Amino acid sequence: MRAIVFERYGDESVLHIGEAPSPLLVDGAVRIRVRATSVNRADLLQREGHYPPPPGASTILGLECAGEIAEIARGVSGWRIGDRAMALLPGGGYAEEVVADAGSVIRIPEVLSFEEAGAIPEVFLTVFLTVFDLARAKLGETLLVHGGGSGVGTAAITLGKLAGLRVIVTVGSDEKARRCREHGADDAINYKTEDFVERARGANIILDHIGARYLARDLHALAVDGRVVIIGSMGGGSKVEVDIGSLLHKRQQIIGSTLRARSKEAKAAVLSGFVARFGDDLNAGRVRPVIHRVYPLEQAAAAHREVAGDHFGKIVLTVSS
């Protein structure tokens with residue numbers, strides 16, 4: 001099968017179209033003929049040699065996909081050949097075929113295109129896991145999201161507003177602030193011209209992909225009984241000093257989370273919870289990604305370059321049949 005491959009770690013120029021063995025179908029899984037996938041920051045880190053796939057996962061990039069069911073293994077029910085499906089993957093999405101555990105596969109609603117569906121699983125399930133499962137968001141609470149113009153950020157705005165949260169985001173430009181407000185954010189703070197702490201003070205939940213550089217300020221902004229969930233360390237560094245006295249006094253929680261390395265059973269539970277909470281919104285088209293640009297799979301290098309630069313929402317790759 002055709003896939004995006006690379007022989008050494010490096011910048012986006014190492015990526016090229018090539019041939020890779022078709023993945024083996026295993027019990028409890030389905031084979032999907034891929035029509036679309038999307039680029040996530042984790043893909044860039046893996047390409048650079050900083051984020052290896054979990055043991056046993058495909059070494060091909062790509063944490064999500066959308067396409068058609070091509071083969072069904074033993075132990076799988078509820079699917080037919082040709083059904084449209086999207087899947088959360090530990091790897092392998094930048095290819096013509098993937099094998100996905102059936103617990104990580106969702107039926108694509110009629111209202112969504114393959115391109116839209118291919119940009120949903122990783123970011124929306126990340127937001128569901130962190131904001132609603134781990135941080136236990138409640139109606140009327142305030143959610144602060146760093147990087148509001150990213151794929152995760154725009155997904156957090158969508159799910160947060162559907163759940164009745166007040167959503168504040170930080171962004172790097174006034175233009176992104178405007179677009180986040182148009183997408184539904186209640187407030188957007190340009191972190192280059194303003195410290196977010198004062199405007200976001202009293203936030204109940206903070207979703208943070210910056211990490212150590214932001215954590216102290218996150219805790220200053222966080223309310224009593226507040227929860228900060230860290231999902232990355234894009235700000236660099238891995239260590240920070242925390243005022244334990246203040247943390248105890250305000251009964252705050254610091255939660256770390258990744259999705260990729262969780263077991264297939266844990267991922268199936270996340271997916272099941274997401275469908276139970278937001279399935280009606282998904283089927284009605286109220287849950288859909290913001291797509292910045294669509295590239296053919298062969299232009300994966302250009303897509304990576306754009307993700308590393310300035311964009312709003314998700315970058316999608318389409319796979320020709």
Failed condition for residue 215, given (1) closer than 21 Å to residue 135 by Cα; (2) touching a residue at least 40 places away in the same chain (Cβ under 8 Å):
(2)
Just to be sure, is residue 288 touching a strand residue (DSSP E or B) at 6+ places or on another chain (Cβ under 8 Å), within 27 Å of residue 191 (Cα to Cα) and basic (Lys, Arg)?
no
So residue 303 ticks every box in (1) assigned by TED's automatic domain parsing to the domain that holds residue 62; (2) touching a helix residue (DSSP H, G or I) at 6+ places or on another chain (Cβ under 7 Å); (3) crowded, with 22+ Cβ neighbours inside 10 Å but one. Which box is left unticked?
(2)
Go through the range 251-273 residue by residue and tally those that are among the basic types (Lys, Arg), surrounded by 16 or more Cβ atoms within 10 Å (Cβ to Cβ) and without any contact (Cβ under 8 Å) to a residue 60 or more places away in the chain.
1
Taking residue 187 as the residue in question, decide whether it is under 25 Å from residue 129 (Cα atoms) and surrounded by fewer than 24 Cβ atoms within 10 Å (Cβ to Cβ).
yes
When the range 293-321 is checked residue by residue, the ones that are hydrophobic (A, V, I, L, M, F, W, C), assigned to a loop (DSSP other than H, G, I, E, B) and over 25 Å from residue 171 (Cα atoms) are 319
Tell me yes or no: at least one residue of the range 64-78 is touching a Leu at 6+ places or on another chain (Cβ under 7 Å) and outside any strand (DSSP E or B).
yes
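Every residue, every condition in (1) buried (at least 19 other Cβ atoms within 10 Å of the Cβ); (2) touching a residue at least 60 places away in the same chain (Cβ under 8 Å); (3) over 23 Å from residue 48 (Cα atoms), yes or no:
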residue	(1), (2), (3)
275	no, yes, yes
287	yes, yes, yes
312	yes, yes, no
317	yes, yes, no
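Let's see how each residue does on (1) modelled with pLDDT of 95 or more; (2) aliphatic (A, V, I, L, M); (3) touching a helix residue (DSSP H, G or I) at 6+ places or on another chain (Cβ under 7 Å); (4) outside the structural domain of residue 312 (by TED's automatic domain parsing):
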| residue | (1), (2), (3), (4) |
| --- | --- |
| 21 | yes, no, no, no |
| 27 | yes, no, no, no |
| 64 | yes, no, yes, no |
| 77 | yes, no, no, no |
| 102 | yes, yes, no, no |
If residue 160 passes every condition in (1) farther than 22 Å from residue 253 by Cα; (2) touching a strand residue (DSSP E or B) at 6+ places or on another chain (Cβ under 8 Å) but one, which one does it miss?
(1)
Confirm whether residue 31 is charged (D, E, K, R) and within 21 Å of the chain's Cα centre (by Cα).
no
Condition first: exposed (fewer than 12 other Cβ atoms within 10 Å of the Cβ) and in contact with a strand residue (DSSP E or B) (Cβ under 9 Å, 6 or more places away or on another chain). Can you find one or more residues in the range 200-220 that meet it?
no
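Could you grab me the full set of residues in the range 29-57 that are assigned to a loop (DSSP other than H, G, I, E, B) and either on the phi < 0 side of the Ramachandran plot or in contact with a helix residue (DSSP H, G or I) (Cβ under 9 Å, 6 or more places away or on another chain) (or both)? Before you say what the answer is, go through the steps one by one.
Keep residues of the range 29-57 that are assigned to a loop (DSSP other than H, G, I, E, B), which gives 40, 48-57.
40, 48, 50, 51, 52, 53, 54, 55, 57, listed by residue number.
The values are calculated or read from the model by the stated rules, or taken from the named source; none is laboratory data. Given the structure is predicted, the values throughout are model-derived calculations rather than measurements. Positions of Cβ are backbone-derived with ideal geometry, glycine not excepted, and every protein chain shown enters the neighbour counts.
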